[in-house]
Number of protein chains: 2
Amino acid sequence: MTDVTLSTTEATDLVARCLSANGCSKEVAADVANVIIAAESDGCPSHGLFRVPGYVASLRSGKVNGKARPQVETADDRNVVTVDGAGGFAPPALAAARSSLVELASKRGIAALSIINVFHFSALWTDLEPICEQGLCALAFTCYLPFVAPAGGSRPLFGTNPMAFGWPRPRDRPMIFDQASSVAARGEVMIAARDGRQMRPDVGLDASGQPTIDPNEILKGAMLPFGGYKGSGIALMVELLAGALIGEQFSFEAGLTDNQDGGPPRGGELVIAMEPSLLGGDDALEHAEKLFARMATQPNVRLPADRRYANRRRSEADGITVPKSVLKKVRSLLM
Amino acid sequence: MTDVTLSTTEATDLVARCLSANGCSKEVAADVANVIIAAESDGCPSHGLFRVPGYVASLRSGKVNGKARPQVETADDRNVVTVDGAGGFAPPALAAARSSLVELASKRGIAALSIINVFHFSALWTDLEPICEQGLCALAFTCYLPFVAPAGGSRPLFGTNPMAFGWPRPRDRPMIFDQASSVAARGEVMIAARDGRQMRPDVGLDASGQPTIDPNEILKGAMLPFGGYKGSGIALMVELLAGALIGEQFSFEAGLTDNQDGGPPRGGELVIAMEPSLLGGDDALEHAEKLFARMATQPNVRLPADRRYANRRRSEADGITVPKSVLKKVRSLLM
């Protein structure tokens with residue numbers, strides 16, 4: 001497989017043009033292109049250019065409104081910002097509501113952002129990073145399509161349901177983890193299938209419910225939650241927080257209503273932001289640095305996100321490298 | 001090993017008398033005895049009578065104030081309830097602040113409870129159940145002593161750091177999971193060591209950092225997070241939420257300051273409560289029942305807490321059964 005290198009600016013511009021050519025407004029195209037290239041640049045190709053055909057498919061099928069204008073609502077007596085994404089992609093909805101969430105959490109100590117009626121196909125760390133850059137710690141949750149079997153089960157029910165947590169750092173970029181409730185991300189299994197690689201034996205089951213290392217069989221069967229029943233509990237929590245709690249679909253409902261165009265399903269996202277100094281942590285950020293320093297005294301222990309930031313520095317300096325086939329596919333969607 | 005059966009009332013009374021005899025006020029003794037017997041009754045002996053000697057040791061050493069009066073603070077412009085446990089056990093601090101948290105979350109959609117200066121030795125689900133019974137969904141986090149190595153490491157740094165999540169149900173007791181960030185709970189390893197049983201190979205490392213199935217070696221070495229780096233991320237998150245965020249110690253700091261009396265370390269707890277109808281989930285509880293019903297169509301899939309509630313019904317009908325040696329030990333602490 002031959003790879004091609006392009007600068008992050010070139011890549012962002014290409015993706016934005018591709019989205020615009022397929023019906024996105026300039027603003028939406030820019031917001032979505034930024035998160036796609038952020039993922040690629042941070043070394044997460046399963047949420048990068050590889051996803052562009054899915055985004056485009058959902059625009060072409062008419063499932064997603066590329067010109068949607070998110071509606072943000074706040075109420076003085078509530079500690080909640082709600083945003084209706086109006087059937088568009090998730091990044092513009094978050095962008096529209098972010099400053100309200102940051103303001104509310106900074107003033108009151110804790111606030112929630114409930115995002116509904118969006119199509120989420122991106123990584124969650126890109127949602128949290130700008131919130132944490134404002135000195136807040138934050139959590140985010142989103143559902144997906146039913147690909148993951150509950151612990152003990154053999155049929156898909158939960159989404160891969162990522163949960164992200166971010167913590168601000170005084171002299172560094174935020175510490176952020178963003179982890180699927182499944183052992184592997186869906187995109188990882190898809191990329192392994194494309195590249196003819198096998199998966200680890202704990203990643204999934206075939207359609208008959210038997211463990212398999214063949215990614216093609218897993219795609220027809222079910223993925224497994226990480227850490228057995230504990231990861232399954234987290235997947236269930238994400239369903240409830242990003243579904244029932246905010247008035248959106250569960251992953252299994254998205255599976256029933258989605259038009260199967262290969263793009264993202266409709267769903268919701270919950271973000272919780274907290275201001276340490278209003279919760280008692282007067283010296284919270286410096287205190288946390290002591291814990292991070294302790295971690296660093298053990299060889300082979302890394303802070304979550306360290307690898308992503310290293311990738312980012314490399315990408316900013318040297319550009320991003322993607323398979324030629326992926327780039328060709330994206331370019332073919334320009335018209 | 002011979003077992004003894006006693007009613008939950010007898011057991012609660014015994015524990016309360018034992019705590020009172022060792023310096024607890026009547027109120028503190030009752031609050032703590034209730035959570036100890038709730039754990040025993042729900043089928044979790046590692047947080048039951050087995051822990052009484054630890055509670056008593058911490059009273060006898062003077063580390064814990066058995067007569068502490070928790071101080072609850074709220075502020076109109078904040079969405080946070082803070083409680084200073086005044087150096088006592090955690091259950092009375094939570095009991096003192098619970099109604100303020102429930103009121104704030106019910107009115108504003110989301111609220112946080114920050115509990116500091118307490119000694120936490122109990123299960124978290126008992127903290128969440130009464131909050132969920134008020135129709136709120138809730139999260140809880142607490143640190144412990146440094147027993148768990150971060151992913152990639154070999155030396156203890158994190159606590160076993162449980163995280164609990166609860167969801168109210170219209171016609172049933174709440175769905176609640178309460179899971180350590182480690183593969184096993186500390187008490188499980190201690191009980192296996194006592195009973196001469198081996199652990200699974202992923203539970204821990206010996207003092208030289210090598211995997212071992214000997215619980216005695218694990219107690220001298222390090223426990224492992226569940227699900228590799230993902231469970232390690234959650235353990236780190238719990239440190240930050242129940243430590244730095246609210247102005248309390250990390251587990252490794254508790255390890256440095258604790259007097260090693262075998263009782264609980266000083267630490268904090270963060271509870272977040274949310275009211276679904278104020279976050280957009282107008283029909284959230286009935287909606288969630290649909291997901292639970294879907295789970296139930298798969299054989300061998302259980303809701304978290306189902307087994308606990310089954311145990312509770314059995315305990316309420318038939319009493320609780322504990323090893324004679326445990327009961328003897330508790331009785332010996334009565335004077």
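Some observations on this one:
- Helix runs (DSSP H) in chain B reaching 24 Å along axis by Cα, Kyte-Doolittle at least 0.0: B:90-108
- Test item: B:126-139 mean partner chain Cβ contacts at 10 Å: 1
- Amide hydrogen neighbours beyond the local backbone of residue B:111, cut-off 5 Å, H modeled: B:273
- Dipole in debye (nearest 20) - region A:170-310, about Cα centre, beta carbon charges: Lys, Arg +1; Asp, Glu -1: 500
- Diffusion constant of region B:198-309 at 4 °C, which comes from Stokes-Einstein with the Kirkwood Cα-pair radius and 1.567 mPa s, µm²/s: 72
- Dipole magnitude for chain A: about 800 debye, using +1 per Lys or Arg Cβ and -1 per Asp or Glu Cβ, origin at the Cα centre.
- Interatomic Cα distance distribution for region B:256-335, bins of 5 angstrom, percent: 3, 9, 9, 10, 13, 15, 14, 10, 9, 7, 2
- Most mobile listed residue (B:12, B:257, B:297) in chain B, GNM with C-alpha springs under 10 Å: B:297
- Largest mean-square fluctuation among A:296, A:254, A:123, in a Gaussian network model of chain A whose springs join Cα atoms under 10 Å apart, belongs to A:296.
- Prolate/oblate/rounded call for chain A, Cα gyration tensor, a/c under 1.5 rounded: rounded
- Under 5 Å, built H, 5+ apart or other chain: amide partners of residue B:169: B:175
- Alpha carbon Rg of the protein assembly as shown, scaled by the compact-globule rule 2.2 N^0.38 Å: 0.95
- Legend: residue pairs A:67/A:107; B:220/B:324; A:63/A:329; A:230/B:290; A:67/B:290; A:230/B:324, Cα-Cα distance threshold 24 Å; pairs beyond threshold, A:67/A:107; B:220/B:324; A:67/B:290; A:230/B:324.
- Mean separation of Cα contacts under 8 Å, 6 or more apart, over the residue count of region A:207-294: relative contact order %: 16
- Considering helices alone, the calculated mean residue ellipticity of chain A at 222 nm is -12500 deg cm²/dmol, with DSSP H runs of length four and up weighted by -39500 (n - 2.57) and normalised per residue.
- Semi-axis lengths, Å, region A:101-178, gyration tensor of Cα atoms, sqrt of 5 times eigenvalues: 28, 14, 11
- Highest-MSF residue in chain B out of B:58, B:114, B:208 [GNM, Cα springs under 10 Å]: B:208
- Taking a ≥ b ≥ c as the square roots of the eigenvalues of the Cα gyration tensor, an a/c ratio of 1.5 or more together with a/b no larger than b/c marks region B:31-99 as oblate.
- Pairs of Cα atoms nearer than 8 Å and 6+ residues apart set the relative contact order; for chain B it is 23 percent.
- Count Lys and Arg as plus one, Asp and Glu as minus one, and take only other residues whose Cβ is under 10 Å from that of residue B:7; the net charge is then -4.
- Cα-based shape type of region B:218-279, given that a ≥ b ≥ c are square roots of the gyration tensor eigenvalues and the cut on a/c is 1.5: oblate
- Backbone amide hydrogens, once placed in the peptide plane, bring residue B:221 within less than 5 Å of B:207, excluding anything fewer than 5 places away on its chain.
- Across all C-alpha atoms in region A:20-156, the radius of gyration and Dmax reach 16.0, 46 Å.
- Per-residue mean of C-beta atoms belonging to partner chains within 10 Å, peptide A:223-230: 5
- Dividing the convex hull volume of the alpha carbon atoms of region A:1-40 by its residue count gives 69 Å³ per residue.
- Relative contact order %, region A:1-106, counting alpha carbon pairs below 8 Å whose residues are six or more apart: 22
- Given charges at beta-carbon only (K, R positive; D, E negative), |dipole| of the protein assembly as shown in Debye: 1140
Any read-out appearing in this document is the output of simple, stated calculations on the displayed coordinates, not a laboratory observation. What you see is a predicted model; the values in this text were computed from it and never measured. Neighbour counts run over all protein chains shown; Cβ positions are idealised from the backbone, glycine included.
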